[in-house]
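Colleague: Here it is, the structure in full.
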Amino acid sequence: MDNQFLISLTKKYESPLYVYDVEKIISQYQKMTNAFSSVKKLKINYAMKALSNISILKVFNSLNAGLDTVSVQEVQLGLKAGFDPKDIFFTPNGVSLEEIEQALGLGVQINIDNLSILEQFGQKYPKVPVCIRMNPHIMAGGNSKISVGHIDSKFGVSIHQLPLILRVVKNTGMLINGIHMHTGSDIYDIDAFLRATDILFEAALDLKDLEFIDFGSGFKVPYKDGDHQTDIEELGAKLSKKFNKYVKSTGKDLTLIFEPGKFLVSEAGKLLTSVNVVKQTTSTVFASVDSGLNHLIRPMFYDAYHHIENISNPEGKKRFYTVVGYICETDTFGSNRRISEIKEGDILSFSNAGAYAFSMASNYNSRYRPAEVMVYKGKDYLIRERETIEDLIYKQIDVDLQ
Ligand SMILES: *Cc1c(COP(=O)(O)O)cnc(C)c1O
């Protein structure tokens, strides 16, 4: 997707605009399946919370991916996109038994992350196979906001409580067909990750109905030059070997599952915005764009770095800018970035806007959420229209007090 093409999309669909490169999504998916090609039964479940547009889901369905969902509404969207219920995993945390029962009614694989619901579920549905989310308490990297493997994390059942799980399983006679972990959002230490998998392999020995092991996600992608990224080939080589050996030695015909979100879609997306104002203060030059934390909250929420380029003037002289949004909050996208000279009306592009970008967008300040466009083989497809005033009023009830 070259600059001229991206600029032409902002003319066609207006700014701000989300653009997704489908070929990049496909190549990331293939990178992952290639890295684990020696595993006989491999399943990649796309974690759809990263980017949940139904047209993107259909891309994954056509690749034979499964789907990882965290709410019953995501399950419903997945079914609408044409996924077979058996390819949908429901991996919520802290939801009610009622919501789990709704998902069960839709025929998807249930993953339970606490002992209380596990016991209630086992008593009611002893014949329905479920997966258990474990917490191996291994930090494979990342900061505490996005790492969910530590000891006081709310996610999963602690590995130290395995005896309690086994007691529930025995007392209820329930079937456990899978074991799962999702340690955190950034794996930069492969050996730490492998230690967590060892803990899962060990725990799995006690579960006789096991059909799969789901190692979650945490695949890190680069956000800027020189950024560390998960070495997927190295992880694939090392973990495949371990997994194949385990399958052989235990005689269990297991499927290896991963559920990446960010790895598959982050780099495929760009948020294109246009510069409303260039404002020189005594210390700083601000470039204000027609977007803000309502469209891309990661920089403010996680201190995430998103690379910013002036695609209207890529060869211009580099200057320092602080790029901010138009929301009435401090919504700084990047401070003191070296960007080619910016003029009002230029198009700034934000990288890594495929994952947790649109899907975390809101209507704060009563702004519309942007349109989304998908690009495949040089052709652009509008996959979501920009909102209008009708969307902001939709479902509101206009009451006149007497
Ligand atoms: C969010 C989530 C993922 C995906 O995480 P990424 O960092 O985007 O790869 C996978 N599994 C579960 C259970 C999740 O909640």
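Colleague: Given a 1.4 angstrom probe, I'd like the percentage of the accessible area of the range 277-402 that is carbon and sulfur, rounded to a whole number. Working shown, then result.
Modeller: On the way: 3480 of 7080 Å².
Using a 1.4 Å probe with all protein chains present, the range 277-402 comes out at 49 percent carbon and sulfur.
Colleague: Let me ask something else about it. For the chain, take the longest principal axis of its alpha carbons; what is the angle in degrees between that and the long axis of helix 190-204, to the nearest 10 within 0 to 90?
Modeller: Helix 190-204 and the main axis of the chain meet at about 30 degrees.
Colleague: Also, I was wondering about something else. Efficiency by 1/(1 + (r/R0)^6): what FRET value for Tyr381 and His160, r their Cβ-Cβ distance, R0 = 56 Å, to the nearest 0.05?
Modeller: Details: r = 49 Å, r/R0 = 0.88.
About 0.70, to the nearest 0.05.
Colleague: Using amide H atoms built in the peptide plane, which far-off residues or other-chain residues are under 5 Å from Asn111 H to H?
Modeller: So Asn111 has HN proximity to Phe90, Cys131.
Colleague: Separate question: Which three numbers, in whole Å and largest first, are the semi-axes of the equivalent ellipsoid of the range 202-344 derived from its Cα gyration tensor as √(5λ)?
Modeller: Working: eigenvalues 428, 49, 25 Å².
Working through the eigenvalues yields semi-axes of 46, 16, 11 Å.
Colleague: Straight-line reach from Lys170: which lysines fall under 21 Å, measuring Cα to Cα and dropping same-chain residues less than 8 apart?
Modeller: Lys170 reaches Lys124, Lys127, Lys208, Lys252.
Colleague: Still on this structure, I have one more. Between the range 219-240 and the range 266-330, how far is it from one alpha carbon centroid to the other, in angstrom?
Modeller: Going from one Cα centre to the other spans 27 Å.
Colleague: Would you mind getting the accessible area per residue of the chain, heavy atoms of the protein chains only, 1.4 Å probe, in Å²? Spell out each step's value before the answer.
Modeller: Numbers: 18450 Å² over 402 residues.
Per residue, the chain has an accessible area of 46 Å².
Colleague: Taking Cα atoms, how many degrees apart are the long axis of helix 162-172 and the longest axis of the chain, rounded to 10 and kept between 0 and 90?
Modeller: Roughly 60 degrees, rounded to the nearest 10.
Colleague: At 222 nm, what value in deg cm²/dmol follows for the chain if DSSP H runs of at least 4 each add -39500 (n - 2.57) and the sum is divided by all its residues, to the nearest 500?
Modeller: Working: 12 runs with 121 residues, N = 402.
It comes out at -9000 deg cm²/dmol, rounded to the nearest 500.
Colleague: How high is the relative contact order of the chain, in percent, counting Cα pairs under 8 Å that sit 6 or more residues apart?
Modeller: Values: 853 pairs, mean separation 75.0, N = 402.
Over the chain, the number comes to 19 percent.
Colleague: Quick check: residue separation of Glu344 and Thr330 times 0.36 nm, minus the Cα distance between them. What number comes out in nm?
Modeller: Numbers: separation 14, 0.36 × 14 = 5.04 nm, distance 2.04 nm.
Taking Glu344 through Thr330 to full extension adds about 3.0 nm, to one decimal.
Colleague: Amide H neighbours of Leu51 under 5 Å, at least 5 residues apart or on other chains, H built in the peptide plane: list them.
Modeller: For Leu51, whose amide H was placed from the backbone, the distant partners under 5 Å are Tyr356.
Colleague: Which value, in Å³ per residue, describes the convex hull spanned by the Cα atoms of the chain? Please list the in-between numbers first.
Modeller: Values: hull volume 68.7 nm³, N = 402.
Value for the chain: 171 Å³ per residue.
Colleague: Sticking with this one: Considering only protein heavy atoms and a probe of 1.4 Å, how much of the accessible area of the range 22-265 is carbon and sulfur, as a whole percent? Present the calculation step by step, with values, prior to reporting the outcome.
Modeller: On the way: 5150 of 10150 Å².
Result for the range 22-265: 51 percent of the exposed heavy-atom area is carbon or sulfur.
Colleague: Using the Cα centre of the chain as the reference point, and only Cβ charges (+1 on K/R, -1 on D/E), how large is the resulting charge dipole? Debye, rounded to the nearest 20.
Modeller: Working: 45 positive and 48 negative charges, 176 e Å.
Computed charge dipole of the chain: roughly 840 debye.
Colleague: So which of Lys238/Lys270; Lys41/Lys86; Lys262/Lys317 end up more than 26 Å apart, counting from Cα to Cα?
Modeller: Working: Lys238/Lys270 33 Å; Lys41/Lys86 15 Å; Lys262/Lys317 33 Å.
Over 26 Å Cα-Cα: Lys238/Lys270; Lys262/Lys317.
Colleague: If R0 is 41 Å, what FRET efficiency do you get for Gln229 and Leu401 from their C-beta distance, rounded to 0.05? All intermediate terms of the calculation are to be shown ahead of the outcome.
Modeller: Working: r = 57 Å, r/R0 = 1.38.
Once rounded, the FRET efficiency stands at 0.10.
The values are calculated or read from the model by the stated rules, or taken from the named source; none is laboratory data. Keep in mind the model is a prediction, meaning the values are calculated, not measured. Reconstructed Cβ throughout: ideal geometry from the backbone, glycine too, with neighbour counts over all protein chains shown. For accessibility, only protein heavy atoms count, side chains too; no ligands or nucleic acids. Shrake-Rupley method; radii C 1.70, N 1.55, O 1.52, S 1.80 Å.
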